[in-house]
Structures are given as structure tokens and as C-alpha cells.
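A short worksheet on the structure shown next.
Any read-out appearing in this document is the output of simple, stated calculations on the displayed coordinates, not a laboratory observation. This one's a predicted model, so the numbers in the text were calculated from it and none came from an experiment. Because the Cβ atoms are built from the backbone with ideal geometry, glycine has one as well, and the counts that use them run over all protein chains shown.
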């Protein structure tokens, strides 16, 4: 029993470290842009981690009302960053949280309807979407390998040495280790990389020294919410975008875990996400969505039980209560994270390719769906200013490569496959 608990603790820690950088970057960006003071910054980071834990537990708890019951980890969505900054600058912090609360309620109300759209996600769509998720995450890994965008030592030999050292360490563990050690190869790689970085003097412990020992998330910390119609509409659009992205993650995890999801499963997943967003608004935290980066970890570790993410959720809540412990994860250098991310994000791409292996690739229609959706998803990712001249709401919908690619795959499948008659299909088959 104790051995099983310790294994789950290590595996849960691995999930926390995999998503930690992505989780705290949102409060850091938003708080900095809105010029919050040090006390307020400390609060939103701690509240974000605490609420990420709650959101993860809600999604793991499969019940008739909500929860998809898959090893899903939730964190604040990056899609909401710039909309929140714009709302905060125009109307203040209370308007941000009023809009988040309303968007959470909206997601809960439409979850059943959105769940009925499962028929629009055949293997050609889901495989394309999961592949796009992985591909769009790869630039994040590569930038981290070089030291992180904007770092003074970006692209240095030291950074790449650390990154490739971590990646090689993870590969060797997967080649020669077995059982539990193999399943926590990413965690061991992060620890080894951080120790190596400390040995050459590139680990900064200031964040740990400055962090407080205790903090608790306080409802309506910034005051009573303000309900501004334009802000609410903006955050509802963000919520819909997150639901599309979460659909791809749900389907990817369902495939990895060998569980076929139906519309009721998806509806419970959306409902849990909406509840998490609502709680985020009340605790003056952020909108929450399923984190793509943890999908690759499930595939790589082969640990597919919900127990592991329940442990991760509990750890995130604890980190939110004890910022001193949370700050320990902040000492991991970007280059070390980047080396681990290459393996994890690459596994997401591999999972998507595996799903596409079930698609009839003798069909030109299917090939066109894959080609256009992956190309546009990747294109939007590598050219982030593509929609700079478009209205804000359009930018929110299409500046995210995952959403752009997923939307393309769904629409092309409707046009090319769902609109075809059985006669057309049989004539084409005979011609081939």
C-alpha cells in the first residue's frame, strides 16, 4: 500500500512539473501587464495553482453531473491572456472576473448541446486535431531548449547542452530502465537536469527565498465582480475556443486509454470545465482548460489511471496554499524543461499519427482534410501575427493554431465527407 502511494506521488509530481511552467505563465503575464503589486501577484499565482488543483479533481471525478474520468490535468488557458489584459485595462479587474464567471456558467449551460457534436469528430478529424496539438506545442519546447524567449543567453551552448542532456537521459531510461523507473523518466530527467544546472551555477534560488510560507485563496479578493456586456461576450468566445481545444485532448486521451467516448462523456467533461471556470472567477483566478502537454506524459509513462492526476490535483492545491513549496518548481531552468518537453510533445504528435493510421488514406477527401488542417494549424502557429489586422473577436478564434486547424478539419469533413451520398462513395470506390 505504501509502495503504491509513493509511486503515485512520484507520478503526480511528474504531471505537476510538466504543466507548472504553463500554469504560472498566465498570472505572470496578466499581473505584469495590469501592473499588480507584489502582494497581488503572489495572490493570483497561488490562487491559480490552488484552483488548477480543484479543476483537475473535478474533471477526474466521473459522476452523472460532471467529470470525464480521464487522466486530465487542467490549467489556465493561454487563449484568455490578451483578452483579460484588454478587459482589465478598459474596465478593471472586477470586470475580468465578472466576465469569467459568466463564461463558466455559459459553458455549463451549453455542455449538453456541445457534447452532441461528437459525430463531427471521426478519426480523420480527431487524428488531425491531435497531430496539430502536438505540432503547435513543439515551438514552445524548442524555445525553452534555447533558454526561453527573451532570455539573455538564448541559444547558448550551455542551454542546449542541458536540454539535449535531459532529452538523452529520458531516452536512455526508456531504453534500459523498466517498470516504475521508466514511468517517471521525465521527472528523473528534470531532477538530473536541474542538478546539472545548479552545478554550473545557472539555477536561481531567489524565488524560493522570497516566497511566503502560507497563502489561501479568498473569494472575490479584488472586490465584487462587474458584469460588462462586451467583456462577457469576449470571454464566452474564449470559452468556446477552449472547448474545441479540450475536445481534441479528450479524444486523444480516450484513444491512449482505450476508452471510446460518447456524447455524454464529452458533455460531462465540458461541464466540469465550465464549473472550474466559474470557481476560477469567484476565487479571482483564471479560466481553466485541459492541458495538452500532459497528454504526451500519459503516453510516455504508460500510467493511465485517474489516481495519478488526483494526486497531481491535490499537490497543486497544496502548492497554492504553501507558495514556498510552489517556488521550488520555479528553479527548473527553461533549457531543462525544453529537453523534457521535446519528448512529451513529440509523443502527442505520435499519438495523432497513430490515430490517422486508422483513416482510409486512399480517399482524396481524407487526405485533403489532413493536409489543409495540419498546414493551417502549423501556419498560424509559426506566423503568430497572421491575423493582426482582423477584429479582436476574429483574432481570438483563429490566432490559436489548434483552434484554426481543428475548425478547418471539422468544416472540411462536413463538406467533403458528411455531404456525400452513399452512391457517390460507391462510384468512387469502383473507379479506384
### Task
Project the alpha carbons of the stretch 152-249 onto their principal axes and report the range along each, largest first, in whole Å.
56, 38, 31
#### Entry: Share of pairwise Cα separations in the chain, more than 28 Å, in percent
48 percent
### Message
Taking 8 Å as the Cα distance limit and 6 or more residues as the minimum spacing, I'd like the relative contact order of the stretch 171-299 as a percentage.
### Response
26 percent
### Query
For residue 35 and residue 302, what is the calculated FRET efficiency with R₀ set at 51 Å and r taken between the beta-carbons, to the nearest 0.05?
0.65
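Could you sort the peptides 47-53, 80-86, 193-199 by per-residue average Cβ neighbour count (10 Å cutoff), highest mean leading?
Most protected by this proxy first, the peptides run 47-53, 80-86, 193-199.
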### Query
Quick one: if the Förster radius is 56 Å, what FRET efficiency do residue 113 and residue 178 give, using the C-beta to C-beta distance and rounding to 0.05?
0.75
### Query
At residue 168 and residue 206, where each label point lies 7 Å from the Cα along Cα→Cβ, what is the point-to-point distance in nanometres?
3.2 nm
#### Entry: Amide N of the stretch 294-312 lying under 11 Å from the label point, which is placed 7 angstrom from the Cα of residue 262 along Cα→Cβ
none
### Query
Mean separation of Cα pairs under 8 Å and 6+ residues apart, divided by the residue count of the stretch 2-431: what relative contact order is that in percent?
34 percent
### Task
Report the calculated FRET efficiency for residue 5 and residue 199 (r = Cβ-Cβ distance, R0 = 35 Å), to the nearest 0.05.
0.65
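Order these peptides, 408-418, 136-146, by their mean beta-carbon neighbour count within 10 angstrom, highest first.
Ranking the peptides 408-418, 136-146 by packing returns 136-146, 408-418.
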### Query
On the first, second and third principal axes, largest extent first, how far apart are the outermost C-alpha atoms of the stretch 262-360 in Å?
50, 38, 22
### Message
No solvent, one uniform scatterer per C-alpha: report log10 I(q)/I(0) for the stretch 1-142 via the Debye equation at q = 0.16, 0.18 1/Å, two decimals.
### Response
-1.17, -1.35
### Task
Determine the calculated [θ] at 222 nm for the chain from helices alone, applying -39500 (n - 2.57) to every DSSP H run no shorter than 4 residues and normalising by the residue count; nearest 500 deg cm²/dmol.
-23500 deg cm²/dmol
### Message
Taking only the Cα atoms of the stretch 70-129, how large is their convex hull per residue, in Å³?
### Response
130 Å³
### Query
Put a dot 7 Å past each Cα toward the Cβ at residue 90 and residue 62; how far apart are the dots in nm?
4.2 nm
### Message
Could you give the length gained by full extension between residue 142 and residue 383, i.e. 0.36 nm per residue of separation minus their alpha carbon distance, to one decimal place?
### Response
85.2 nm
